[in-house]
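Peer 1: Got a structure for you, questions after.
The values are calculated or read from the model by the stated rules, or taken from the named source; none is laboratory data. Model, not experiment: these values are computed from the prediction. Glycine gets a Cβ as well: all are built from the backbone with ideal geometry, and neighbour counts include every protein chain shown. These area figures cover heavy atoms from the full protein model, side chains too; ligands, DNA and RNA do not enter into them. Shrake-Rupley method; radii C 1.70, N 1.55, O 1.52, S 1.80 Å.
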Amino acid sequence: MAQAPDVAAAWCRWDVTPKEAVAVQRQVAAAIERTDRFAALRTVAGVDVAYGVRGRGGIARAAAVLLDLTTLSVLAESVVQMPATFPYVPGLLTFREAPAAIAAIDGLPMRPDLLICDGQGIAHPRRCGVASHLGLALDLPSIGAAKSRLCGTHLDPPAEPGGWTPLLDGDEMIGACLRTRAATRPLFISIGHRVSLATAVALVLHCSKGRRLPEPTRLADRLSKHPKRPESR
DNA sequence: GCGACAG
DNA sequence: ATCTTGTCGC
């Protein structure tokens with residue numbers, strides 16, 4: 001009855017080869033929860049990663065911004081920097097960004113109640129985008145809010161903010177093509193982990209105060225590219 | 001074989 | 001993602 005020593009959750013392994021990464025994703029996808037399962041949501045964190053510090057490549061700088069979900073005021077920020085090992089491969093983005101992203105989130109003074117990522121959730125070939133993977137790895141409700149499509153088909157959503165059309169992969173709805181702001185390209189919202197699509201859309205709209213990107217992600221994106229105290233040079 | 005392809 | 005100037009529009 002001796003139990004395996006390295007039962008290290010498959011979804012917490014980042015030092016893998018591209019082929020192993022695909023195997024990990026299949027495990028993660030099976031553990032993702034697509035319905036609402038969370039207590040009170042008081043805070044939300046946005047995370048994003050930027051690369052190539054001062055022209056050089058190979059460095060990942062991740063930023064996490066914690067906001068009050070009601071007022072959307074900033075409560076805390078965290079920035080970390082480390083070498084980027086895994087290359088960018090469509091479908092395997094998580095393995096390139098996760099180490100830095102997790103470090104940035106761990107750097108926040110408290111765990112957020114919800115996580116919004118700059119990328120897909122289950123709107124992924126294997127239903128395992130970065131938002132879903134991070135949500136499971138950190139055991140946090142999460143939402144994927146990508147600026148462009150990875151897979152699936154859709155019709156152009158209504159022009160008014162709040163309008164959306166289903167993102168489909170065959171007959172399966174994997175996300176929503178959402179107009180968060182008039183006259184701008186729509187966002188691709190999808191379930192990350194423990195948050196239904198309907199709730200995800202509502203939360204993203206709540207966080208998108210007249211802007212194309214929801215505040216958590218917008219601020220994290222800005223911070224990762226322009227750190228206040230240059231972690232750059 | 002020929003495209004498509006989160007960040 | 002990143003490399004880059006000016007420019008159109010609210």
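Peer 1: If you scan the range A:1-17, which residues turn out to be at pLDDT 95 or above and either assigned to a helix (DSSP H, G or I) or aromatic (Phe, Trp, Tyr) (or both)?
Peer 2: Selection gives A:Trp14 alone.
Peer 1: Can you tell me how many residues in the range A:108-135 are more than 16 Å from DNA strand C (Cβ to nearest atom), more than 22 Å from A:Glu172 (Cα to Cα) and open to solvent by 10 Å² or more (accessible area, probe 1.4 Å)?
Peer 2: Residues that pass the stated criteria total 5.
Peer 1: Consider the range A:31-56. How many of its residues are at pLDDT 95 or above, among the hydrophobic types (A, V, I, L, M, F, W, C) and either more than 18 Å from the chain's Cα centre (by Cα) or part of a loop (DSSP other than H, G, I, E, B) (or both)?
Peer 2: 5
Peer 1: Of all residues in the range A:64-99 being touching a strand residue (DSSP E or B) at 6+ places or on another chain (Cβ under 7 Å) and within 11 Å of DNA strand B (Cβ to nearest atom), which is nearest to A:Gln120 (Cα to Cα)?
Peer 2: For the range A:64-99, the residue satisfying everything is A:Glu97.
Peer 1: Being closer than 23 Å to A:Leu69 by Cβ, in contact (Cβ under 8 Å) with a residue 60 or more places away in the chain and open to solvent by less than 60 Å² (accessible area, probe 1.4 Å): is that true of A:Pro99 here?
Peer 2: no
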